[in-house]
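The values are calculated or read from the model by the stated rules, or taken from the named source; none is laboratory data. Computed from a prediction, not measured in an experiment: that's the story for all the values here. Don't worry about glycine lacking a Cβ; one is built from the backbone with ideal geometry, like all the others, and counts go over all protein chains shown.
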Amino acid sequence: MSRLIVISNRVSAATGGTAGAQGGLSVALTSALRESGGLWFGWSGEVTEEFSGQITFHRDDGVTTATIDLEEQDVEEYYNGYANRTLWPLFHYRVDLAEYERGFAGGYQRANERFAETVVPLVEPDDMVWVQDYHMIPLGQELRKRGCKNRIGFFLHTPWPPRRLLLTLPEATELVATMFAYDVIGFHTDEWLQSFVDFVVLESGGAYADGILRLDGRQIRLITCPIGIDSDEFATLARGDEAQQTFAQMRDSANGRAMIVGVDRLDYSKGLEERFLGYERFLIENPEERKEVFLLQIAPPSRGTVESYQRIRSSLEGLSGRINGAHADYDWVPIRYVNQGYSRAVLAGIYRASRIALVTPIRDGMNLVAKEFVAAQNPEDPGVLILSRFAGAADQLTEALLINPYSAEEMSDSIRTALAMPKAERIRRWRAMFENVCAEDVLWWRRRFTDALEQHQPV
Ligand code: ADQ
């Protein structure tokens, strides 16, 4: 097996990374790296006065992490700028929030060149390189320019936007052209893959058939490769002591009421305003059920230096305050709005104590919270998942109650349906979803990708 080199914006290997930042992704990548004696390379998260390209190595349990510091200007233009103010909103169909600035595009290119130039001396002839996410789209091409002939794969964790939307980006065609340096490109769903194909066929003159994109004499394999969670670990966690303690606390504090839960990074793509309004509609349309439920929305702030994130945060504070002000009683508050992060065990306990999960992003590459909720349920008395049709997860979790998150009416109806759902139906739906969450877990995901990369015959 070739050695694997994973390159991502941030490095959070389960061994060398920050404690607490150990999501399924880092666990899966760490296990792949351990198997192949691999290397994980990326930004340390630290800022330095002047870029030096100095690498800090950390070695633990068969995995080496290699990180570099970036300059303030790189962080501003590449990370806060092009990645989070240009590509993230555009890739989530929010052209209204996307900022197109040449300075951002230049900084993004420069940072990717810096990553390439630093990592290239570490790459050996038989290594496979796996680049992660929208921060690093041009990295493959920068590696090729520096003589790297290895197999290089790219995986996108976000949606790929429709062609017409992507064309609003001034340098869209050039950016997409940099991706032709990869051997394998992976997406969470067929829809994102197809949008990519549409763009390349119409704008770049590529030809696509049977999973292979042919262009400029090269063959690139495109695969749908939906990410999963570590389902065994999560289900075990949900039965463990810490989760059980949280479960008991939540049941106590619910005082017989049905808890509806939402867990999301505070991000406009997660549809939190729409969710609050849909839930309010349910309260208005169902006065008899009103005090029988409450919504616990957990939303730790993210990307707080970006203005659109400050705006969504204050908008949600206003909205939750207004809804609570309009509907609360002396013995009941409709929304518990919390801005903290919790350990995975506590989250598992909260999921298990919930009758309903509202996972209603307006766009999401996949959405792992939906899968975590399913994995944490009690098989004898599972809760109901209400899931946005516009999350990648909706392609796999087809037994969820699928809704359009823009429709407050659908959100309200689905809450009523979920509350009234007979136990036998809840169990039937949950079983089908749990089967999928276990079968297509995070190890399945990374094997599917690395096998495709290993087997690909570049031309
Ligand atoms: P995210 O947009 O971050 O990921 P998601 O897939 O839901 O979205 O993952 C969020 C993770 O953060 C989950 O594991 C969740 O448990 C955790 N989390 C959220 N709130 C938390 C809290 N309050 N405390 C502790 N943990 C919390 C991006 C894409 C997604 C894609 C993933 C993986 O946007 O579409 O599913 O990458 O590819």
*Just need a number here: residues in region 329-367 that are under 19 Å from the mean Cα position of the chain (by Cα), surrounded by fewer than 24 Cβ atoms within 10 Å (Cβ to Cβ) and not polar (S, T, N, Q).*
6
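Quick one: is Val346 within 12 Å of the ligand (Cβ to nearest atom) and farther than 22 Å from Tyr268 by Cβ? Steps first, please.
Values: within 12 Å of the ligand (Cβ to nearest atom): yes; farther than 22 Å from Tyr268 by Cβ: yes.
When the stated conditions are applied, Val346 passes them.
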*Kindly indicate the residue of region 157-172 that is within 16 Å of the ligand (Cβ to nearest atom) and surrounded by fewer than 23 Cβ atoms within 10 Å (Cβ to Cβ) and also nearest to Asp198 (Cα to Cα) among those meeting that condition.*
Thr158
_Could you check region 241-250 and list, in sequence order, the residues that are loosely packed, with under 14 Cβ neighbours inside 10 Å and within 16 Å of the ligand (Cβ to nearest atom)?_
none
*asked:* Going residue by residue through region 324-344, is there one that turns out to be touching an Asp or Glu at 6+ places or on another chain (Cβ under 6 Å) and of a type outside the set (Asp, Glu)?
replied: no
*Which condition does Ile386 not pass, out of (1) assigned to a loop (DSSP other than H, G, I, E, B); (2) away from the ligand (no atom under 11 Å from the Cβ); (3) buried (at least 24 other Cβ atoms within 10 Å of the Cβ), if it passes all the others?*
(1)
*For region 298-308, state whether one or more residues are more than 14 Å from the ligand (Cβ to nearest atom), surrounded by 19 or more Cβ atoms within 10 Å (Cβ to Cβ) and polar (S, T, N, Q).*
yes
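How many of the residues making up region 45-82 are part of a strand (DSSP E or B) and either at pLDDT 95 or above or not small (Gly, Ala, Ser) (or both)?
Within region 45-82, the first condition is being part of a strand (DSSP E or B), and the residues that meet it are 45-48, 56-60, 63-71.
Checking which are either at pLDDT 95 or above or not small (Gly, Ala, Ser) (or both) leaves us with 46-48, 56-60, 63-71.
Of the residues in region 45-82, 17 are part of a strand (DSSP E or B) and either at pLDDT 95 or above or not small (Gly, Ala, Ser) (or both).
For region 180-191, which positions are surrounded by 22 or more Cβ atoms within 10 Å (Cβ to Cβ) and among the aromatic types (Phe, Trp, Tyr)?
First, pick out the residues of region 180-191 that are surrounded by 22 or more Cβ atoms within 10 Å (Cβ to Cβ): 182-188.
Result: Tyr182, Phe187.
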*Give just the number: which of (1) away from the ligand (no atom under 16 Å from the Cβ); (2) of a type in the set (Gly, Ala, Ser); (3) touching a strand residue (DSSP E or B) at 6+ places or on another chain (Cβ under 8 Å) does Gly321 not satisfy?*
(3)
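Being among the small types (Gly, Ala, Ser) and within 13 Å of the ligand (Cβ to nearest atom) narrows it down to one of Ala357, Ala452, Ala408, so name that one.
After ruling out the rest, the residue left standing is Ala357.
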*Do we find a residue being among the acidic types (Asp, Glu) and either within 16 Å of the ligand (Cβ to nearest atom) or part of a helix (DSSP H, G or I) (or both) anywhere in region 395-403?*
yes
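Okay, residues lined up against (1) without any contact (Cβ under 8 Å) to a residue 60 or more places away in the chain; (2) buried (at least 16 other Cβ atoms within 10 Å of the Cβ):
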position	(1), (2)
Phe199	yes, yes
Leu202	yes, no
Tyr208	yes, yes
Gly211	yes, no
Arg214	yes, no
Leu222	yes, yes
Ile229	no, yes
Phe234	no, yes
Arg239	yes, no
